[in-house]
Amino acid sequence: MNRSVISIGIIGFGTVGTGTARLLLQNSNLIKKRTGIDFVLKKIADLDIKKDRGIKIPEGILTTDAAELINDPDIDIVVELIGGIHPAKDFILQAIRNKKHVVTANKALLATKGNEIFEEADKNGVEIGFEASVAGGIPIIKVLREGLVANNIIAVYGIINGTSNYILTKMTDEKVEFADALKEAQRLGYAEADPTFDIEGIDSAHKLTILSSLSYGIPLMYDEVYKEGITKITSQDIEFASELGYKIKLLAITKLSDGGVEMRVHPTMVPNEYLISKVDGVFNAVYVEGDAVGATMYYGRGAGDMPTGSAVVADIVDIGKKIDKRQETEGRRQTADNRQHRTEFKIKKIEDIESMYYFRFSALDQPGVLSKISGILGNYNISIASVIQKGRRIGGSVPLVVLTHMAKERDVLNAVKEIDNLTVVSDKTLFIRVEGKEG
């Protein structure tokens, strides 16, 4: 086969599949002019090939049988865009065994089954492209694999779930509660009918698993990621955070810490002056700090047909260039290669991290309450940086807000357990981790 022509097969003709097909068809001349390669969309497989996707598909491309393109000897690259674990995993593994390169946007599959998939790709000498699996149109995978290849990565902080970011932005700007902001996100199509993956941090954790593997050369270890969602955040917490000079964001964090790697997703208070705190609505941003380059940040649309389709096509083009030049692929991946994992890094448990903390106590409005709470915090080496107490409700409960200096999470958990048992505390304490420099 003339290798200046690369044939593509797409499995999944939903939102991202439609965007990918549109780019391959409408921008084919532009891509060919820039690469010297003719990328030809040969097949699209989907269970529903009758629905109008708003683009004109050439005759004979659509099929309901994924095996038709997986087993087609003329197709060089199989693009998996159906999502989920099965049958996506089976399709990908079969394509790999047929010596086909694979491009996928499937972060859940890579995060949970990726080690097996990459090992199989190594055995068969094929590439796996996955730029679209994290942050949509933001080329963060290429940044970590290529742009910052000379750097030791110190830390990565990401707003990588647009649904949660939209909800927190609406709560901040309009002072509405979580339930109302979620309903609005669902009405606008930003949140699914079942929003669990987004609001509980699961989607962000899938993406963080991939970023951690790329940053530190460790296996894909989704089960090791600490996950905490945004459902307990109230407009009151957002107001207190603002008064203290912070915004609340659902952050995905991975960083080196005392010889270990932290991998955690949770609501985080970020100083107002930090660029990432200004990322609002459905937009994504990833902050990366390298030992050579320093602080960098990447911002853009994290979802949608065209932004994500753009990332898929970027992978197709990268792999197409390697096919065209007959380059060896062995050793090109720096993630999920079971023979090259770094073993000096252990994953830190959440109780072993250190952070600053925001506490909101529901305390009875009577003398001596603050001294009791601060006494317990002091017993666990937790130092108070500032206190907010508003309102008077004699005989009732009022919010007591405390911002701490750096403390160990294990001490925080023990202190909160003891404080919640006090008779002067009427409800469970809410605490939020705080990023930024100590004042």
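Got at least one residue in segment 223-239 being charged (D, E, K, R), at pLDDT 95 or above and under 14 Å from the mean Cα position of the chain (by Cα)?
Yes, segment 223-239 has at least one match.
Out of V156, V149, V102, which single residue is surrounded by 18 or more Cβ atoms within 10 Å (Cβ to Cβ) and not assigned by TED's automatic domain parsing to the domain that holds I10?
The unique qualifying residue is V156.
For V176, work out the one condition from (1) more than 23 Å from G309 (Cβ to Cβ); (2) surrounded by fewer than 16 Cβ atoms within 10 Å (Cβ to Cβ); (3) in the same structural domain as Q236 (by TED's automatic domain parsing) it doesn't fulfil.
Every condition holds for V176 apart from (2).
Within segment 258-298, work out how many residues are in a strand (DSSP E or B) and either at pLDDT 95 or above or loosely packed, with under 14 Cβ neighbours inside 10 Å (or both).
Within segment 258-298, residues that are in a strand (DSSP E or B) and either at pLDDT 95 or above or loosely packed, with under 14 Cβ neighbours inside 10 Å (or both) number 24.
Within segment 325-439, which strands (runs of 3 or more DSSP E) (wholly inside it) include 1 or more residues that are at pLDDT below 95?
Values: elements: 354-364, 384-389, 397-404, 430-434.
Fully inside segment 325-439 and qualifying: 354-364, 384-389, 397-404.
Can you tell me which residues in segment 72-82 are over 13 Å from V126 (Cα atoms) and within 33 Å of the chain's Cα centre (by Cα)?
I75, V79, E80, L81, I82
Looking at (1) of a type in the set (G, A, S); (2) farther than 20 Å from R145 by Cα; (3) surrounded by 24 or more Cβ atoms within 10 Å (Cβ to Cβ), find the lone condition where S133 falls short.
Just one mismatch for S133, condition (2).
Looking at K43, K50 in this structure, which one is touching a strand residue (DSSP E or B) at 6+ places or on another chain (Cβ under 6 Å) and in the same structural domain as R97 (by TED's automatic domain parsing)?
Answer to the check: K43.
The values are calculated or read from the model by the stated rules, or taken from the named source; none is laboratory data. For clarity, every value in this text was computed on a predicted model and none was experimentally measured. Reconstructed Cβ throughout: ideal geometry from the backbone, glycine too, with neighbour counts over all protein chains shown.
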